[in-house]
Amino acid sequence: MIADELISEIRDRTDIVALIGEYVDLKQRGQNWVGLCPFHNEKSPSFNVRRDRQFFHCFGCKESGDALAFLMRLEGLNFPQAARALAERAGIELPETNDREDEQKRRERARVETLHAIMEVATVFYLAQRHDRARGAPAIEELERRGVKAAAADAFRLGYAPAGWDALSTLLSQKGHSLADAETLGLVVRRREGSGYYDRFRNRLMFPISDLHGHVVAFSGRLLPPPDGREPSVQEPKYVNSPESPLYKKGELLYGLFEARVEIRRNGWAVVCEGNFDLVSLHQAGVANVVAPLGTAFTEAQARLLKRFAQRVTLMFDGDNAGRKAAQAAYPMLRKADIAARVVRLPAGEDPDGFLRRQGPEALTRLVQAASGIVEYLIDAAAEAAGGDPAERARAIQSLGPAVAAAGNPVEIELYIQRIAQRFSITDLRAVKEQLRMGARAVAKSGADSPQPAQTKVAAPMEHVKLPQLQTELLGALLDQPALFSSDLAGNLKELLTTAELRSIFSAAAAQVEEYGALDASRLLAGLAGNAGLMWLRERLSVETYENRAKAEDLLRRGIPQLHNQQLEHERALLAERIRNARQTGNEELAIVLTKQRDELAHRAHNLVKGLKR
C-alpha cells in the first residue's frame with residue numbers, strides 16, 4: 001500500500017502536460033493543451049489537458065483522469081506500478097515494507113540499472129557504427145537495398161555490429177563495465193581457450209528490442225555480406241538473437257510495441273507481422289500500429305501483453321505455408337486473450353516487406369481492408385492445403401473443429417459450418433458437423449491448447465443524466481473560480497440547485513476549497529464516485545470558460561435571478577392550478593390563502609433581483 005499523502009505528492013510533483021506531451025503532440029490554447037487523443041482514432045483534436053488541475057479529458061471517447069490514470073490506461077499498468085513509475089520520474093522514494101526488503105529492493109534496482117547502462121552503451125555504439133558511412137557501409141547498403149530510409153532506421157535505433165571480434169568488448173572495458181555482466185546480457189561470449197571475451201554480434205545489422213519503458217533489453221542481429229566481399233568461412237545463421245537474461249524473457253515481449261503503443265491505443269487494433277524488416281517497412285509506410293513476435297511463434301504471454309493495448313489484431317504473415325501455420329498457431333493464443341483477429345492474405349511467396357517495395361503502400365492498404373476473419377482464413381487455408389484428396393479433405397475439416405467450436409455463438413457456428421461445406425463442396429451438413437465434432441473432441445481429449453469460446457462481456461453503463469443547463473452554467477463558473485465558493489453568490493446558488501447530482505457536486509467542491517484552498521480534479525471525482533453527473537463534471541473540469549473572477553461574478557449576478565425566477569414561475573404555475581381547483585370546488589377561503597402565497601413569491605423575486613444589482 002502507498003500512503004495517500006505520497007500519492008498526493010506524486011500527483012503534485014508530476015507535470016501532467018510534460019508527461020502526456022511525451023506521448024501526444026500537444027498545443028496550447030489558453031489554459032488548455034490540446035492534441036489528438038491517444039485512446040481513440042480521430043482527425044480533429046478533442047483531447048484536453050489542464051496543467052493547473054493536473055487533469056485530462058477527451059470530448060470524443062470520454063476518457064479522463066490524472067497522470068496516474070493516463071499512465072495506467074496507456075501503458076497498461078496497475079495503480080501501484082503507475083505510482084512507482086511516476087514517483088521515480090519525480091524523484092520521490094517510496095518506502096518498502098521493512099528494512100530487509102528495502103535493502104534487497106535497492107540492490108535489485110541497482111543491479112537492473114547497471115545492466116540497463118551496459119545495454120545503452122551497446123545500443124549507442126552500434127548506432128554510431130551505422131552512422132559512420134565508412135565503417136557502417138555493409139549495414140547502410142543493406143538498408144538502402146531494402147528501401148529503409150534513415151528516419152525509419154533512426155526511429156528504431158538500428159545499428160551495425162562491426163566484423164571484428166572485440167570492438168564492443170574493448171569499449172565496455174574502457175568504460176569500466178563488467179564483461180561478466182555483458183556476458184549475462186548476451187553481448188559477449190567467454191573464450192573457450194585462454195582468458196577474455198569476444199563479441200557475440202559481428203558484421204550484423206542490429207535491431208534493438210525495447211521493453212515497455214523504452215529500455216533496450218535485447219538485440220536481434222541480421223547477418224550481412226562480409227565487408228571485403230568474400231564468402232563467409234563458415235555458414236552462420238541469418239539471425240542471431242540475444243539469449244534470455246535478467247532483463248529479457250523470450251516470448252514475453254513484442255518487437256516494436258514500445259514505438260507502436262500510442263498508435264495502437266489510438267486505433268484500438270494492432271498489426272502483427274513476422275519479421276523485423278517487415279515491421280520497419282510497415283512503420284515507414286505509415287502503418288505505425290505494428291508489432292512482431294521476435295522470431296518465435298506467437299505466445300500466450302505476448303497475446304496477454306497485446307491485450308493491454310488492443311481489442312483486435314490483424315495478422316500479416318508471409319504468403320506461404322509457414323505463414324498459414326503461424327496464423328493457425330496464433331489463433332488459440334488470441335482466443336484465450338479474448339482478442340478478435342483478422343488475417344491479411346498476401347500473394348503466394350510474398351512477405352510484407354517485399355510486397356511493400358514491389359506494390360507500394362496503397363496496394364497493401366487494400367489488402368488490409370480486405371482482410372478476412374481468422375476462422376474464414378483458416379477454412380480457406382485448410383481447403384487449399386488439402387487439395388482434392390478425399391482423406392486429406394476429411395482431415396482438414398476435422399482440424400477446423402476446435403476453431404469453429406471456439407466461436408461459442410450458435411449462429412456463428414452454423415454459418416461457419418455452412419461456409420466449410422461450401423468451401424469443400426459437401427452437400428451433407430451432418431457429415432461436416434460430425435467431422436468437426438471429432439476434431440474438437442480429439443483436441444479436448446489430448447489436453448492440447450485449443451481456443452476457448454469468448455466470454456460475452458457486458459459493458460458498464462455510461463454515467464449520464466440530463467442536467468438543467470442554466471444550473472450547470474452557474475456551477476461551472478464556480479468551478480472555474482473556486483474562490484467564489486465562499487461568497488454570498490455561491491450561497492444563493494446552492495439553495496437554487498434542483499438536482500441531487502448538482503447539489504452533491506457543489507457540496508463536495510465547496511468542502512474541498514474550504515479545506516485545501518483549491519480544487520483537485522482527481523480527488524473531487526474520486527469522492528463523487530457513482531454520481532450520475534460525473535460525465536458533465538469531467539468535461540467541465542477539463543475546460544475553463546471564465547478565466548477571471550469578474551466575468552464569473554457577472555454571470556452569477558445575472559444568472560442567479562434568472563434561475564430563481566424560473567423556479568418562482570414554476571411554483572406560481574403550480575399555485576395558479578391549485579387556486580383554480582379550489583374555486584371550482586367552492587373553497588374560496590383556500591383560494592384566498594393560495595393567492596397571498598403567489599403574491600409573496602412575486603415579492604421575493606423582486607427583492608432578489610434588487611439585492612443582486614446593489
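Here are some notes:
- Remark: I426, I20, I413 ranked as I426, I413, I20, counting other beta-carbon atoms within 10 Å and listing the fewest first.
- Projecting the Cα atoms of H131, L187, A337 onto the charge dipole of the chain (Cβ charges, centred on the Cα centre) puts A337 farthest toward the positive pole.
- Base-10 log of normalised Debye intensity for the stretch 109-148 (one unit scatterer per alpha-carbon) at q = 0.19 Å⁻¹: -0.61
- Extending 7 Å from the Cα toward the beta-carbon at both E515 and D4 defines two label points whose distance is 0.6 nm.
- Here the Kirkwood formula, the inverse mean of 1/r across different C-alpha pairs, assigns the stretch 469-613 a hydrodynamic radius of 17.0 Å.
- Secondary structure note: in the chain, about 75% of the DSSP beta bridges are antiparallel.
- Shape class of the stretch 468-554 from the alpha-carbon gyration tensor: rounded, with the ratio a/c of largest to smallest axis under 1.5.
- Value of relative contact order over the stretch 257-446, rounded to a whole percent, pairs C-alpha under 8 Å and six or more apart: 16 percent
- Relative to the 2.2 N^0.38 Å rule of thumb, the chain has a C-alpha radius of gyration ratio of 1.30.
- Total charge dipole magnitude, the stretch 129-170, about the Cα centre, Cβ charges on Lys, Arg, Asp, Glu only, Debye to nearest 20: 140 debye
- Tail weight of P(r) past 27 Å, computed on alpha-carbon pairs of the stretch 228-370, percent: 21 percent
- Of interest is the spacing of the C-alpha centroids, which for the stretch 319-376 and the stretch 210-280 amounts to 19 Å.
- Packing, taken as the mean count of other beta carbons within 10 Å per residue, orders the peptides 119-129, 430-440 from highest to lowest as 119-129, 430-440.
- Rounded if a/c under 1.5, otherwise prolate or oblate - the stretch 107-241, Cα gyration tensor axes: oblate
- For the stretch 327-405: rounded, prolate or oblate by the Cα gyration tensor [a/c cutoff 1.5]: oblate
- Dividing the Cα radius of gyration of the stretch 302-348 by 2.2 N^0.38 Å, with N the residue count, gives 1.14.
- Karplus-derived 3J(HN,Hα), 6.51/-1.76/1.60, for each residue of the stretch 279-289, Hz, glycine and proline x: 5, 5, 5, 5, 4, 4, 7, x, 8, 8, 9
- On Cα atoms only, tilt of 410-423 relative to the major axis of the chain in degrees: 30 degrees
- Helical content of the chain, expressed as a calculated mean residue ellipticity at 222 nm, amounts to -17000 deg cm²/dmol (DSSP H runs of 4 or more residues, -39,500 (n - 2.57) each, divided by residue number, nearest 500).
- Here the label points at R304 and K250, each 7 Å from Cα along the C-beta direction, are separated by 2.0 nm in the simple model.
- Dipole magnitude of the chain, debye to nearest 20 (Cβ charges: Lys/Arg +1, Asp/Glu -1, about Cα centre): 1020 debye
- Three principal axis extents of the stretch 169-304 based on alpha-carbon atoms, in descending order, are 54, 35, 27 Å.
- Annotation: the antiparallel percentage among DSSP beta bridges lying fully within the stretch 257-446 is about 15.
- Overall shape of the stretch 7-56 was characterised from the C-alpha gyration tensor. The equivalent ellipsoid obtained from it has semi-axes of 20, 12, 8 Å, in decreasing order.
- Rounded to the nearest 20 debye, dipole of the stretch 257-446 from Cβ charges on Lys, Arg, Asp, Glu: 660 debye
- Calculated FRET value between H603 and Q31, using beta carbons and R₀ = 35 Å, to 0.05: 0.25
- Once both labels are positioned 7 Å from their Cα atoms along Cα-to-Cβ, the gap between E547 and R395 label points is 7.5 nm.
- Top positive-direction residue, dipole computed over the chain with Cβ charges, set S486, V262, Q174: V262
- From the C-alpha gyration tensor of the stretch 4-90, square roots of 5λ in Å: 22, 14, 10
- Nearest-0.05 FRET efficiency for K596 and N565, computed from C-beta distance (R0 25 Å): 0.80
- Radius of gyration and maximum dimension Dmax of the stretch 257-446, Cα, Å: 17.0, 50
Read-outs throughout are calculated quantities, based only on the coordinates presented, and are distinct from any laboratory measurement. These figures come from a predicted structure and were not determined experimentally. Positions of Cβ are backbone-derived with ideal geometry, glycine not excepted, and every protein chain shown enters the neighbour counts.
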